[in-house]
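A.B. asks: Mind having a look at this structure? Questions to follow.
The values are calculated or read from the model by the stated rules, or taken from the named source; none is laboratory data. No experiment lies behind these values; they were computed from the predicted model shown. Every residue, glycine among them, receives a Cβ derived from its backbone with ideal geometry; neighbour counts consider all protein chains shown.
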Amino acid sequence: MSNMEKNLFNLKFAAKELQRSSRFNSQLLIFILQVTKSMAGVVKGMDATLKSMNLEKISALMDKFERQFETLDVQTAQMEDTMSSTTTLTTPQGQVDALMMEMADEAGLDLNMELPQGQTGSVGTSVASAEQDDLSQRLAKLRDQV
């Protein structure tokens with residue numbers, strides 16, 4: 001594969017990635033606008049309801065608010081899934097490894113070097129459990145007083 005072919009391949013790949021990124025960003029913008037419009041409606045409703053101090057209306061509005069937040073959580077999770085799937089590498093790993101090896105050979109680098117191992121150790125859980133035990137004892141004392 002000549003340098004011109006490699007450059008052409010890289011340009012095509014970059015164009016596809018930019019297209020995906022642009023599509024994702026436009027979807028994200030639409031999502032944010034919908035959430036903003038929805039939240040503006042809820043805030044207006046909350047303002048009117050709180051002025052009337054009608055408990056039934058306040059309760060119904062808070063239920064609606066909670067449902068919208070649950071919907072927002074679901075939509076956010078879906079957008080995160082979409083984002084992670086669009087940013088995944090679509091080129092086969094073998095081709096990526098071969099290209100990395102070729103570039104490393106041209107630069108005189110050794111990709112097979114191993115990184116030094118990090119230190120491993122246990123995280124101090126005794127402090128957390130001691131604090132938890134103390135809180136449990138305090139809770140038990142409070143329950144006994146009641």
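A.B. asks: How about segment 48-79: which of its residues are surrounded by 11 or more Cβ atoms within 10 Å (Cβ to Cβ) and either among the charged types (D, E, K, R) or in contact with a strand residue (DSSP E or B) (Cβ under 6 Å, 6 or more places away or on another chain) (or both)?
C.D. replies: Hits for segment 48-79 are Lys57, Lys64.
A.B. asks: How do the pairs read when you match residues in segment 39-62 that are in contact (Cβ under 8 Å) with a residue 12 or more places away in the chain and under 25 Å from Asp73 (Cβ atoms) with residues anywhere that are of a type in the set (Phe, Trp, Tyr) and part of a helix (DSSP H, G or I), using Cβ under 7 Å and keeping only pairs 6 or more apart or on different chains?
C.D. replies: Sorted first by the residue in segment 39-62, then by its partner, the pairs are Val42/Phe65.
A.B. asks: Tell me which of these Leu33 doesn't satisfy, since it passes every other one: (1) under 24 Å from Thr76 (Cα atoms); (2) loosely packed, with under 10 Cβ neighbours inside 10 Å.
C.D. replies: Against the list (1) under 24 Å from Thr76 (Cα atoms); (2) loosely packed, with under 10 Cβ neighbours inside 10 Å, Leu33 comes up short only on (2).
A.B. asks: Only one of these is of a type outside the set (A, V, I, L, M), in contact (Cβ under 8 Å) with a residue 24 or more places away in the chain, under 18 Å from Gln95 (Cβ atoms) and assigned to a helix (DSSP H, G or I): Phe13, Phe9. Name it.
C.D. replies: Numbers: Phe9 fails: in contact (Cβ under 8 Å) with a residue 24 or more places away in the chain.
Result: Phe13 is the single residue among Phe13, Phe9 that is of a type outside the set (A, V, I, L, M), in contact (Cβ under 8 Å) with a residue 24 or more places away in the chain, under 18 Å from Gln95 (Cβ atoms) and assigned to a helix (DSSP H, G or I).
A.B. asks: For residues in segment 90-146 being over 31 Å from the mean Cα position of the chain (by Cα) and among the polar types (S, T, N, Q), which is modelled with the lowest pLDDT?
C.D. replies: The selected residue is Ser126.
A.B. asks: For residues in segment 1-30 being under 30 Å from Asp63 (Cα atoms) and hydrophobic (A, V, I, L, M, F, W, C), which is surrounded by the most Cβ atoms within 10 Å (Cβ to Cβ)?
C.D. replies: For segment 1-30, the residue satisfying everything is Leu28.
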